[in-house]
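> Dropping the structure in here first, questions after.
Throughout, read-outs are computed from the coordinates displayed, never taken from laboratory work. The shown structure was predicted, so the numbers you read here are calculated from the model rather than taken from an experiment. Counting neighbours? That spans all protein chains shown, and the Cβs are built from the backbone with ideal geometry, glycine included.
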Amino acid sequence: MQAGPLTLRHHATCQPRLVVATPETLEGYGRLVPDYERCKVEIVRWPAQGWRHVDTDTGDEGGTTEGIFEFWWQGDMLYGRNGAVGDTYLFGWNRDPAAALETRNNAPRDRVLIWHANYHPDGGQVFFPREGKPFVVPLALPGDDVTPDKFVAFWFDGSAGLYIHPNVWHEAVFPLAERASFHDKQGKVHARVSVDFAREFGVYLEVPLRRP
């Protein structure tokens, strides 16, 4: 995933509402996870192509994959590496991407500007903090007509993880620390449906990295 050549000089930002993650606020999006090992991931059966049904003992046998999801700031850029699927990403920036530098020292860590979010139609996903550090996750309820204003930023204190239901929009999890890692478990098919905020709506999603 790489961002296009759009800059904040020409495109605004949209900041989601920031709330504390609780069983009540997460309803519909997912749930808190106190124990990573015991958290099971929903696998969605392969959809039928017509009026004939997919046999009930097939279509959901891909199972899950697990790994360590690492996040780190490098100057103004936030990067991540998903060991479960073997991908590395540039997730966003703390300033106008056109002015962002990997070599900047003492860059602020109070926000991340993201251009992209996705959902997984094949299964759920669980993130569990390995170091117990706070983190923030932007989420939106299912539906392909999603818009930036539908996202809510959830703040976690680091004592529990997050389980995300299938089809719920998210990016990754954004630590408040300079570097953090998470246990990650997700559907092995790893289908991804994406939204590009900059190209589709002319904005970046400005996710606040602080406690509400």
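> If I ask for residues that are at negative phi and of a type in the set (S, T, N, Q), which ones from the range 158-212 would you list?
S159, S181, Q186, S194
> Okay, moving on. Of everything in the range 169-180, what is surrounded by fewer than 20 Cβ atoms within 10 Å (Cβ to Cβ) and in contact with a strand residue (DSSP E or B) (Cβ under 8 Å, 6 or more places away or on another chain)? Give them in sequence order.
Those that are surrounded by fewer than 20 Cβ atoms within 10 Å (Cβ to Cβ) and in contact with a strand residue (DSSP E or B) (Cβ under 8 Å, 6 or more places away or on another chain): L176, E178, R179.
> Does A198 qualify as being within 15 Å of D110 (Cα to Cα) and not in a strand (DSSP E or B)?
It is false that A198 is within 15 Å of D110 (Cα to Cα) and not in a strand (DSSP E or B).
> Of the conditions (1) within 16 Å of the chain's Cα centre (by Cα); (2) surrounded by 17 or more Cβ atoms within 10 Å (Cβ to Cβ); (3) in a loop (DSSP other than H, G, I, E, B); (4) small (G, A, S), A191 clears all except one; give me its number.
(2)
> Still on this model: If we keep just the residues of the range 80-102 that are in contact with a Leu (Cβ under 6 Å, 6 or more places away or on another chain) and part of a strand (DSSP E or B), which is surrounded by the fewest Cβ atoms within 10 Å (Cβ to Cβ)?
My answer is F91.
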